[in-house]
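Report on one structure; see the data block that follows.
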């Protein structure tokens, strides 16, 4: 990772763009048209636990269930030239997988041949875990409502809605997107 003094000196400058691109908290990479790695930011190397000059095929670091997702995004960006975004799990140097969002771009020549791929990745592991926890909680409530088909809702002290059964929403005349059951 970058040193604190580098970041502080970049912030103290009068020019808001006076910093190195690899000092961002995102992982930046580029690949040649044949797919060989051209560049991986220092933070990306640190996450993977590899030296910048010894980065192997990064497919090794992708969770096996997510390899096809990445492959499809690469094919789409190659065919359409339009940026693609996908989510996949990548193996950290610690031995754990973390979820990342990737924004993928392509650079082509006049004959429409791919010269280079560019990617920006950011760690979304905490957000993904929260999503999964919310989905699991909603599944629990759905299961309870199948057993108990009454009007059920849960609200926060400020009146914000956390959960409402379809019956409660229908009875009170509220749509599923409304934040509160109160008028």
* Asked: Under the classification rounded if a/c is under 1.5, otherwise prolate if a/b is larger than b/c and oblate if not, where does segment 65-146 fall, given a ≥ b ≥ c as square roots of the Cα gyration tensor eigenvalues?
  -> prolate
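Mind ranking 83-89, 117-123 by how tightly packed they are, going by the mean number of other C-beta atoms within 10 angstrom, highest first?
Details: 83-89: 16.3, 117-123: 18.4.
Highest mean packing first, the order is 117-123, 83-89.
Any read-out appearing in this document is the output of simple, stated calculations on the displayed coordinates, not a laboratory observation. Since this is a predicted model, take the numbers as computed values, not measurements. Quick reminder, even Gly has a Cβ in these numbers, built from the backbone with ideal geometry, and neighbours come from all protein chains shown.
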